[in-house]
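The values are calculated or read from the model by the stated rules, or taken from the named source; none is laboratory data. Just so you know, these numbers come straight off a predicted model, no measurement behind them. Don't worry about glycine lacking a Cβ; one is built from the backbone with ideal geometry, like all the others, and counts go over all protein chains shown. Surface areas here come from the heavy atoms of the whole protein model, side chains and all, with no ligands, DNA or RNA. Shrake-Rupley method; radii C 1.70, N 1.55, O 1.52, S 1.80 Å.
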Amino acid sequence: MGRLEMLKEHLAEFPGDAFARYGLAMEYANSAQNDAALAEFATLLKENPDYTAGYFMAAQTLVKIGKIDAAREMLTNGIASAKRTNNAHAQSEMEGMLSELG
C-alpha cells in the first residue's frame, strides 16, 4: 500500500487528524493532483484554522495553477494565523511570498 492509500485509510478512521490531512494534501500537491490537494487543504484549514503551514502550501499550490488572487488571499489568512500562533518564521515566509506576488 502506497503512502497516499495509507493516509486515506487513516483519515477514514480518524478524520480529525490534522497532521494526516496535511500529509494527504501534500501527497496530492507533490503528484500534481492540484484540485485534490486544494480540497484537502480547505478541509484542513476549516477544521484547524491555526494549522499555519497549510496556508503556505495551499498558496504555493494555487500559484502553480495560476490562481494568484486566491494565493494572495490564502497568504493573508496564513499571516493572520501565524500572528495568532506566534509563528514568526511562517509569518516571514508568507510575507515574503506575498511580496513576490505583488
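If packing is taken as the average count of other Cβ atoms within 10 Å, what order do 85-97, 2-14 fall into, highest mean first?
On the way: 85-97: 15.1, 2-14: 12.8.
Descending packing order for the listed peptides: 85-97, 2-14.
D for the chain, whole µm²/s, Stokes-Einstein with Kirkwood Rh over alpha-carbon pairs at 20 °C and 1.002 mPa s: what number?
Details: Rh = 13.7 Å.
Approximately 157 µm²/s, per Stokes-Einstein.
Taking all protein chains as present, what is the carbon and sulfur share of the accessible area of the chain, in % to the nearest whole number, probe 1.4 Å?
On the way: 3070 of 5760 Å².
C and S atoms contribute 53 percent here.
How much length, in nm to one decimal, is gained on full extension between ASN30 and ALA18, taken as 0.36 nm per residue of separation minus their Cα-Cα distance?
Working: separation 12, 0.36 × 12 = 4.32 nm, distance 1.81 nm.
Result: 2.5 nm gained on full extension.
Explain nothing, just the number: dipole magnitude of region 3-102 about its Cα centre with +1 on each Lys and Arg Cβ and -1 on each Asp and Glu Cβ, in debye rounded to the nearest 20. Intermediate results must be reported in sequence, preceding the final value.
Details: 9 positive and 14 negative charges, 39 e Å.
For this selection, approximately 180 debye.
Go ahead and estimate [θ] at 222 nm for the chain from helices alone: -39,500 (n - 2.57) per DSSP H run with n ≥ 4, summed, over the residue count, rounded to 500.
When only DSSP H runs of four or more count, the value is -26000 deg cm²/dmol.
Could you state the accessible area per residue of the chain in Å², with a 1.4 Å probe and every protein chain left in place? Could the numbers behind the result be given before it?
On the way: 5760 Å² over 102 residues.
Here the per-residue accessible area is 57 Å².
Find the centroid of the Cα atoms in region 1-44 and in region 55-93, then give the distance between the two in whole Å.
With region 1-44 and region 55-93 each reduced to a Cα centre, they are spaced 19 Å.
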